[in-house]
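Right, one structure below, let's go through it.
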Amino acid sequence: MKALRALLFRLFGFLAANRKDREFAEEIEAHLEMEIEEGIRSGMTPEQARRDALIRSGGLQQAKEALRDRRSLPLLETALQDLRYAHRALRKTPGFTAVAILTLALGIGANTAIFSVVNTVLLRPLPYPNASRLVMVWEKILNFGPGNTPASQADYLDFRDQNQVFENIAAFENRSFNLSGTAQPARVTGARVSSTLFATLGVKPLLGRTFTDDEDRPGRNHVVVAGYGFWQTRFGADPSFLGATIRLDREPYTVIGVMPPDFAFPLPGPHGLQPASLWVPIAFTDQELQDRGNTFNTYLIARLKPGIALPRAAADAATIARRIHDEKYPVRVQKRSSLMER
């Protein structure tokens, strides 16, 4: 209560600062007049008496400043004084003022945009069912540096086949395609994904279906699932889009499904991932599956089994990583695994 009373006293003093200053100035002036009169009665001239009175009352101005600090909000007063000074300075230089205002507006806009991305990607729940069970599986290549890296294609199969903790695990890679065979060719962002991706995320298509395991093999992988926005903007939401053929990098792909309007994957993040407009099977070739130790560009996302906590899953993944390292990698590559809640 004492602190509250002190704050209220300062607030009222700040609001009535002009009146309080006038009252205190009048008190000081009255005190000086009394000192001057006493000096004149003692035989001084009026000038000498005033000079003597001012010397003897030299601490009055300091007392005035101290009283103002105790009864007001000095930080707020200083800020207001700075604003008044800035206003006068900017008013005298209108050209500089316009540049300053534009710079401030751009800064506010950039910070708002940055927060929007952070809020969407990091603060809001992921837009998938039971998203708390989704994790990213990373590898640590110790002699490449301390950071997390994606996996190699062959490592994905090892994690898929040997784990005891994942209900599903999926692989994906960002990929851009040259779209042709439409009214206007374009470069579109897509992704190569394993047939298990949509089941791992727990999302079903709006129209058609997603990939079968058989389509996730070389030679059978010329099928595509499109995003809702891609279907709307490129094909006018035409229902006959299902079964249509589009050309990606000059290769024909048959459209087998369209995802719901609110579906986005990958979600943008610090690793340069971009939301895809369409998805094709990842369909690893034999050469990709034999290329251990040189290419680490396959992202892994997994769904934990019900009741499996993250520490247990991390321990299981670490066991698999040690086994991969001991059995399948050259000595120069030292591997560990890392799980991160997605």
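Show me the strands (runs of 3 or more DSSP E) entirely contained within the stretch 205-265 in which 3 or more residues are in the same structural domain as Thr285 (by TED's automatic domain parsing) and more than 34 Å from the chain's Cα centre (by Cα).
Passing ranges, in order: 245-248, 251-258.
Regarding the stretch 275-295, can at least one residue be identified that is touching a strand residue (DSSP E or B) at 6+ places or on another chain (Cβ under 8 Å), assigned to a loop (DSSP other than H, G, I, E, B), farther than 24 Å from Glu167 by Cβ and free of Cβ contacts under 8 Å to residues at least 24 places away in the same chain?
No, the stretch 275-295 contains no residue that is touching a strand residue (DSSP E or B) at 6+ places or on another chain (Cβ under 8 Å), assigned to a loop (DSSP other than H, G, I, E, B), farther than 24 Å from Glu167 by Cβ and free of Cβ contacts under 8 Å to residues at least 24 places away in the same chain.
From the list Asn174, Asn168, exactly one residue is part of a strand (DSSP E or B) and under 26 Å from Ala309 (Cα atoms). Which is it?
Answer to the selection: Asn168.
Out of all the residues in the stretch 157-165, is one or more in the same structural domain as Phe265 (by TED's automatic domain parsing) and within 20 Å of Pro275 (Cβ to Cβ)? Walk me through how you get there before you give the answer.
To start, the set of residues in the stretch 157-165 that are in the same structural domain as Phe265 (by TED's automatic domain parsing) comprises 157-165.
Add one more test, that the residue is within 20 Å of Pro275 (Cβ to Cβ), and what stays is none.
No - not one qualifying residue is present in the stretch 157-165.
Can you work out which of the residues in the stretch 296-319 that are part of a helix (DSSP H, G or I) and surrounded by fewer than 21 Cβ atoms within 10 Å (Cβ to Cβ) is nearest to the chain's Cα centre (by Cα)?
Leu310
Hey, Arg187 hits all of (1) among the charged types (D, E, K, R); (2) part of a strand (DSSP E or B); (3) modelled with pLDDT of 95 or more but one; which does it fall short on?
(3)
Within the stretch 174-184, count every residue that is at pLDDT 90 or above and either aromatic (Phe, Trp, Tyr) or in contact with a helix residue (DSSP H, G or I) (Cβ under 9 Å, 6 or more places away or on another chain) (or both).
So the count comes out to 2.
Go through the stretch 209-226 and give me each residue that's buried (at least 16 other Cβ atoms within 10 Å of the Cβ) and small (Gly, Ala, Ser).
Selection gives Ala226 alone.
I want to confirm something. Restricting to the stretch 165-185 and keeping residues that are surrounded by fewer than 20 Cβ atoms within 10 Å (Cβ to Cβ), of a type outside the set (Ser, Thr, Tyr) and under 16 Å from Val280 (Cβ atoms), which single residue is nearest to the chain's Cα centre (by Cα)?
Within the stretch 165-185, the match that is nearest to the chain's Cα centre (by Cα) is Asn174.
Search the stretch 240-256 for residues that are at positive phi and pair each with any residue that is surrounded by 15 or more Cβ atoms within 10 Å (Cβ to Cβ) when their beta-carbon atoms are under 7 Å apart and the residues are at least 6 apart or on different chains.
Gly243/Val255; Asp249/Phe177
The values are calculated or read from the model by the stated rules, or taken from the named source; none is laboratory data. None of these values were measured; they are calculated from a predicted model. For neighbour counting, all protein chains shown are included, and Cβ atoms are generated from backbone atoms with ideal geometry for every residue, glycine included.
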